[in-house]
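Participant: Sharing a structure here in structure tokens format.
The values are calculated or read from the model by the stated rules, or taken from the named source; none is laboratory data. Given the structure is predicted, the values throughout are model-derived calculations rather than measurements. Because the Cβ atoms are built from the backbone with ideal geometry, glycine has one as well, and the counts that use them run over all protein chains shown.
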Amino acid sequence: MNLPLTMANLAGSVALLLWGVHMVQTGVQRAFGAKLRGFLGKTLNNRFKAFLAGIGVTAILQSSTATGLMATGFAAGGLVDLVPALAVMLGANVGTTLIVQVLSFDIAEIAPPLFSSVFSCSAAPRRERAISGAC
């Protein structure tokens, strides 16, 4: 590939990522509004909680970039202070590292028992699952 085409593809990819994160952030802020401000204010008042929130959000979204951009947007909008936003971003990076580490494990030995236990739980009637408490 030539350089101008590669740069155009890169610019388009970055623009698509930024637009998608902006749309998610705007939708979340519109949907939750004041409730979100109160929740983030109570939840992210501590650096450690903000760090754990960054790990959790990254585990759910599978993107530390999206988590970091959302934290930046929330900080710019006044929903979160700067220090907790930085802790969220640090947690996002650690979360990405942890997810990659978990995905790198060889699960070939535990896969058959895991699949059979999930199958037996899903195949059992609902009443038996409630009685046994195993599933």
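Here's the yes/no breakdown for (1) at pLDDT below 80; (2) part of a helix (DSSP H, G or I); (3) among the small types (Gly, Ala, Ser); (4) under 15 Å from the mean Cα position of the chain (by Cα):
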site	(1), (2), (3), (4)
Ala8	no, yes, yes, no
Leu18	no, yes, no, no
Gln29	yes, yes, no, no
Lys35	yes, yes, no, no
Gly56	no, yes, yes, yes
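Participant: Still on this structure, please answer the following. Mind telling me which of the residues Leu52, Leu61, Leu40 ends up being at pLDDT 80 or above and surrounded by 16 or more Cβ atoms within 10 Å (Cβ to Cβ)?
Facilitator: Every option except Leu52 fails the conditions.
Participant: Regarding segment 106-114, can at least one residue be identified that is within 29 Å of Leu52 (Cα to Cα) and at pLDDT 85 or above?
Facilitator: No, the conditions are met nowhere in segment 106-114.
Participant: Kindly provide the set of residues from segment 90-107 that are part of a helix (DSSP H, G or I), surrounded by fewer than 22 Cβ atoms within 10 Å (Cβ to Cβ) and of a type in the set (A, V, I, L, M), ordered by number.
Facilitator: The answer is Leu90, Val94, Leu98, Ile99, Val100, Val102, Leu103.
Participant: Here's something else I'd like to know. Could you give me the residue pairs with C-beta distances under 9 Å whose first residue belongs to segment 32-50 and is farther than 17 Å from Val83 by Cβ, whose second residue is at pLDDT 80 or above and assigned to a helix (DSSP H, G or I) wherever it lies, and which are 6+ apart or on separate chains?
Facilitator: Once the first residue is farther than 17 Å from Val83 by Cβ and sits in segment 32-50, its partners that are at pLDDT 80 or above and assigned to a helix (DSSP H, G or I) give Leu36/Phe74.
Participant: Gly73 - would you say it is modelled with pLDDT of 85 or more, surrounded by 19 or more Cβ atoms within 10 Å (Cβ to Cβ) and either part of a helix (DSSP H, G or I) or small (Gly, Ala, Ser) (or both)?
Facilitator: no
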